[in-house]
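Everything on this sheet refers to the single structure shown next.
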Amino acid sequence: MENLSSEPLPRKQEGDILYAITQLLGFPDKVEGEKCELAGYNHSELVETAEHYLKERIQEGDKKATFLLGQLYFEEGWYEDALLQFHKVKDDDYQALYQVGVMYYDGLGIQEDQSKGVEYMKRIINSDSSQANHLKYAAAYNLGLACFEGCGIRHSDEEAERLSSGIQKLVAMAMWSHRELLV
């Protein structure tokens, strides 16, 4: 059985959530007057500083900070803590909902519950919110895989094919829109 795929966050210079967090306004500098470019921090110091910074932002009412804290925990492999953070905002943040779905399906930080993971993927696919649009194809891919394997949902080659055809259309559209790069 293949695990669902997680949507990676945009990756910058260092390739992880920590870099993205250090670039947020107000992130504390390691050296007074010097912008933190990860220099001067060892990994555990950086994680601790990022965690403290995000918790302060959460106290100030920043819901996006809750997702970022969950993603930080997720990327550190602290799945139980990540799941708690994602659950807090999953009704308002589709990225958190997606991560919760993946975590339930794959049993990360919680006992595996593929049916619940499928339910969360369906919520993303069926959402009318523009905030879910960038996740719909990844959720459809995961749902198609679940249909094909019969995990968390009744096995259906037809439904798996229907879901994957939407992904194929997206790939074709992307290739067409970038055709000059393919020549």
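Laboratory data are not the source of any read-out in this text; all were calculated from the coordinates shown. As the structure is a computational prediction, the values presented were derived from the model and not from experiment. Cβ: placed from backbone, ideal geometry, glycine included. Neighbour counts: every protein chain shown.
Taking θ as phi - 60° and the Karplus parameters 6.51, -1.76 and 1.60, the scalar couplings of the stretch 142-153 work out to 5, 5, x, 4, 5, 5, 4, 7, x, 10, x, 7 Hz in sequence order, x denoting glycine and proline.
Karplus-derived 3J(HN,Hα) values for the stretch 55-70, using 6.51 cos²θ - 1.76 cosθ + 1.60 with θ = phi - 60°, are 5, 5, 5, 5, 4, 7, x, 7, 5, 5, 5, 5, 4, 4, 5, x Hz; glycine and proline are entered as x. Note on Q111 and K55: with the Förster distance fixed at 25 Å, the Cβ-Cβ geometry gives a FRET efficiency of about 0.35.
Between D92 and E75, the modelled label-to-label distance comes to 2.3 nm, taking each label 7 Å out from Cα in the direction of the beta carbon.
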